[in-house]
Amino acid sequence: MRQYLSGNKAAAEGARLAEVKVVAAYPITPQTSIVEYLASFVANGELAAEMIPVESEHSAISATYGASLTGVRTFVASSSQGLALMHEALFMASGLRLPIVMAIANRALASPVTIFTDHQDSLAQRDTGWLQFYVEDCQEVLDTILIAYRVAEDCRVLLPIMVCFDGFYVSHISEPVDVPDVAQVREFLPEFKANYPVLDIANPKMFNVMAFPQFFEEFQRDKHESMVGSEQVIKEAMLDFERIFNRSYSMIETYCTEDADIIIAGLGSMMGTVRTAIDQLRSTGLKIGMAKIKSFRPFPYQDLAQALKGAKVIGILDRDISPGSTGIVYQEVLATLQETPNKCIVDFVLGLGGRDVTIDTIEKATGILEQVLSGSELKRRVIWVDENREVLDIWKVGETNVG
Amino acid sequence: MSVRIKDLPLEEVVAPGRGGCPGCAAVIGARMVTKIAGQNTIMVNSTGCMCVNYGYAGAPLFPYVHSLFENAGAVASGIDAALKADNRRDDINLIVYAGDGGTVDIGFQALSGAVERGHRFLYICYDNEGYMNTGVQRSGATPYGASTTTSPLGKISKGESRPLSRRKDMVRVMAAHGIPYTATASIAYPLDFMRKVQTALAIDGPTYIHLLSPCSIGWGIDPKDTVKVARMAVQTSFAPLYEITGGRQFKVNLRPVNLKPVQEYLSMQKRFRHLLDDPIELDIIQRAVDENWTYLSNC
């Protein structure tokens, strides 16, 4: 049934349709309404689940892994500072190989304080052993949560998954969303039954015991190889999703890349803006395309290399920064293209702390990419494409005018 | 409720082969707990001595998870909720067995949240009064005057400086949450301890037991004397045995006929030896112990 849903409502609908049994979450802007919707589903008998209104984000993920380890389907949601507080326990969830799905309404991290979006919060968790999907709109939020459960629970994967979408731009914007019926969802995502050891009186096992040096590395390797192998499982799940729901997704989504000299790549809702900008730029004769990276973990190196194959210049949009290095997505793309040296790859850092990424921003970045295409050399490794020069000149730490 | 030795099962649910120190009171306590709880138990350990104890060759014969240091209460919340959601809750004993560091200090928030929400579980803190697994550092449960590696004896220090009267009193703190049942216990009084475990497990709600667990390494006692030291803690009223029902109803379980001077307890432990010939310090401790005992006796 078609409904008018915000990203947060779509996430909650995804969890409801997945018939999760335990939800533990803590309020944090802009994630909060996901938990409120789920609480209301439970209160109205629309979802037969236990809600745990925990006292912190650390306890949210801890209660979730406790529940998941007991052998039921679980859901959790977070953002920003809350996700950072979860950091330690995220490794537990992946180390215990628990198929938890977490919705993340992306938001920047303090200090200074902000409630607005960028990808720093989830990208800072990229090495925790969770799969990470970045989505663009409300429909994709709902669909990807269903895909995430299917992938996480596959015995070839058994790893937790984050479904990330931009705070406010997606979490609080409403769009028409096709909400499938439960029977259709059950065909795609069967009732959960843990076919691996859990906390079970009939089959007692110990979890999270000591692994000495002769074992520890193999646990990590297995996690890594399962994540790499999950590419195949994700593709199968997406194909099956298309068969049942008639909506198609891929780990790398391309737009106008076939003949493109310039390709822009990045994550999240701003890629919708890029698509529109490309239409405008193409009308001026520029051969430009886009590669949206939906799956950041596992990182689909081959698919991305294939998508970028024909481009001469590649612009990476990083809604994040690894201070002292570059944007984080840029590093991954460099690793992807290490064997194809005849390309120029430019890193744009933009849209931090909710700064709007507009068609103008994309056109400005494209202007720089055009210069590179015609042979100009860049002075800086990281381009702050939408910089506010006035603030930058005032805000110099250590100078007397800062107070 | 009462527990009789002849009714206890012969089977051992905590299997041999653990990595515990000789005379470890936490292991003795775990054995007593499992004599009552049996195999129909899910156990959560926060990081501490017991997760190392269990984590080697000898496995407990019930489902077990070592959580993290600060989140045992939250992990137990998740297990409780999952068992309920899965219609498996009724007859399973859900027990957290955690040290004082994981309870009084770093795990306090998660514990407080879990009992406030009313999850059904028994939380047992085995209190060895410091971070003994990491080499004897002080915790919020370390008593006044005790020498630890982070409250060491020095030219201007006499060990832990926080007065005994301001040590975090977890049993009363937990009772202040209004939960159905909280109690202190001692490995030297096994029938009392096991009755308390039995009482707590029968309650459909959060319960808390604080078990004093002498540590041969951290306290400087001979491993064979663990139980003796635990008994003396009760007989001097340094660690009285009492329980609080419904958050309000106090009951002292054991009133020693002749209370012994606290010096007899302190002198059994090397961590206090610098105080033994210091009458002023001994008097400070004795008065704090007396005040607490008087308070309890009047509750």
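The values are calculated or read from the model by the stated rules, or taken from the named source; none is laboratory data. Please read all numbers here as calculations on a predicted model, not as lab measurements. In this analysis, Cβ positions are derived from the backbone assuming ideal geometry, glycine residues included, and neighbour counts consider all displayed protein chains. Protein only, heavy atoms only, side chains kept; ligands, DNA and RNA dropped before computing areas. Shrake-Rupley method; radii C 1.70, N 1.55, O 1.52, S 1.80 Å.
Results, tabulated for the structure shown:
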read-out	value
Total residues in region B:84-116, condition among the small types (Gly, Ala, Ser), out of contact with any Phe, Trp or Tyr (no Cβ under 8 Å at 6 or more places or on another chain) and open to solvent by less than 10 Å² (accessible area, probe 1.4 Å)	2
Condition broken by residue B:191, with the remaining ones in (1) surrounded by 23 or more Cβ atoms within 10 Å (Cβ to Cβ); (2) in a helix (DSSP H, G or I) satisfied	(1)
Test: residue in region A:28-42 that is more than 24 Å from the chain's Cα centre (by Cα), assigned to a helix (DSSP H, G or I) and either among the aromatic types (Phe, Trp, Tyr) or within 8 Å of chain B (Cβ to nearest Cβ) (or both)	yes
Subset of region A:213-230 (residues that are open to solvent by less than 100 Å² (accessible area, probe 1.4 Å) and either within 18 Å of residue A:251 (Cβ to Cβ) or not in a helix (DSSP H, G or I) (or both))	A:225, A:226, A:227, A:228, A:229, A:230
Test for residue A:258: is it exposed (fewer than 14 other Cβ atoms within 10 Å of the Cβ), of a type in the set (D, E, K, R), in the same structural domain as residue A:372 (by TED's automatic domain parsing) and touching a residue at least 12 places away in the same chain (Cβ under 8 Å)	yes
Filter result (among the aliphatic types (A, V, I, L, M) and assigned to a helix (DSSP H, G or I)) within region A:247-296	A:270, A:271, A:274, A:277, A:278, A:281
Failed condition for residue B:64, given (1) more than 10 Å from every other protein chain (Cβ to nearest Cβ); (2) touching a helix residue (DSSP H, G or I) at 6+ places or on another chain (Cβ under 7 Å); (3) at pLDDT below 95	(1)
Every pair of residues 6+ apart whose Cβ atoms lie under 8 Å, when the first sits in region A:320-335 and is assigned to a loop (DSSP other than H, G, I, E, B) while the second is open to solvent by 40 Å² or more (accessible area, probe 1.4 Å) and hydrophobic (A, V, I, L, M, F, W, C)	A:320/A:352; A:321/A:352
Residue B:141 part of a helix (DSSP H, G or I) and either open to solvent by 20 Å² or more (accessible area, probe 1.4 Å) or of a type outside the set (Lys, Arg) (or both)	no
Subset tally (residues that are closer than 20 Å to residue A:109 by Cβ and more than 9 Å from chain B (Cβ to nearest Cβ)) for region A:43-64	1
Failed item in (1) touching a Pro at 6+ places or on another chain (Cβ under 8 Å); (2) under 30 Å from residue B:290 (Cβ atoms); (3) within 14 Å of chain A (Cβ to nearest Cβ), with residue B:108 passing the rest	(1)
Residue check for residue A:195: in the same structural domain as residue A:147 (by TED's automatic domain parsing), open to solvent by less than 80 Å² (accessible area, probe 1.4 Å) and not aliphatic (A, V, I, L, M)	no
Matching option when the condition is of a type outside the set (Ser, Thr, Tyr), under 23 Å from the mean Cα position of the chain (by Cα), within 24 Å of residue A:207 (Cβ to Cβ) and buried (at least 24 other Cβ atoms within 10 Å of the Cβ), among A:60, A:67	A:60
From the options A:178, A:200, A:166, residue that is away from chain B (no Cβ under 14 Å) and surrounded by fewer than 24 Cβ atoms within 10 Å (Cβ to Cβ)	A:178
Subset of region B:243-299 [in a helix (DSSP H, G or I) and among the aliphatic types (A, V, I, L, M)]	B:262, B:266, B:275, B:280, B:282, B:284, B:285, B:288, B:289, B:296
Residue check, residue A:133 over 20 Å from residue B:68 (Cα atoms), surrounded by 24 or more Cβ atoms within 10 Å (Cβ to Cβ) and aromatic (Phe, Trp, Tyr)	yes
Failed item, numbered, when residue A:89 is tested on (1) open to solvent by less than 10 Å² (accessible area, probe 1.4 Å); (2) touching a helix residue (DSSP H, G or I) at 6+ places or on another chain (Cβ under 6 Å); (3) farther than 24 Å from residue A:5 by Cα; (4) away from every other protein chain (no Cβ under 14 Å)	(4)
Hits in region A:34-57 (condition: β-branched (Val, Ile, Thr) and either touching a Pro at 6+ places or on another chain (Cβ under 7 Å) or surrounded by fewer than 24 Cβ atoms within 10 Å (Cβ to Cβ) (or both))	A:35, A:42
Filter pass, residue A:252 being open to solvent by less than 40 Å² (accessible area, probe 1.4 Å) and in contact with an Asp or Glu (Cβ under 6 Å, 6 or more places away or on another chain)	yes
Residue A:189 buried (at least 21 other Cβ atoms within 10 Å of the Cβ), over 19 Å from the mean Cα position of the chain (by Cα) and over 30 Å from residue A:8 (Cα atoms)	no
Criterion (open to solvent by less than 20 Å² (accessible area, probe 1.4 Å) and aliphatic (A, V, I, L, M)) met by exactly one of B:275, B:259, B:254	B:275
Residues satisfying the stated conditions in region A:121-139, i.e. touching a strand residue (DSSP E or B) at 6+ places or on another chain (Cβ under 8 Å) and not aliphatic (A, V, I, L, M)	A:121, A:122, A:125, A:126, A:130, A:132, A:133, A:134, A:136, A:137, A:138, A:139
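Let's see how each residue does on (1) part of a helix (DSSP H, G or I); (2) more than 12 Å from chain A (Cβ to nearest Cβ); (3) surrounded by fewer than 24 Cβ atoms within 10 Å (Cβ to Cβ):
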residue	(1), (2), (3)
B:9	no, yes, yes
B:30	yes, yes, no
B:35	yes, yes, yes
B:43	no, no, no
B:69	no, no, yes
B:74	yes, no, no
B:79	yes, no, no
B:82	yes, no, no
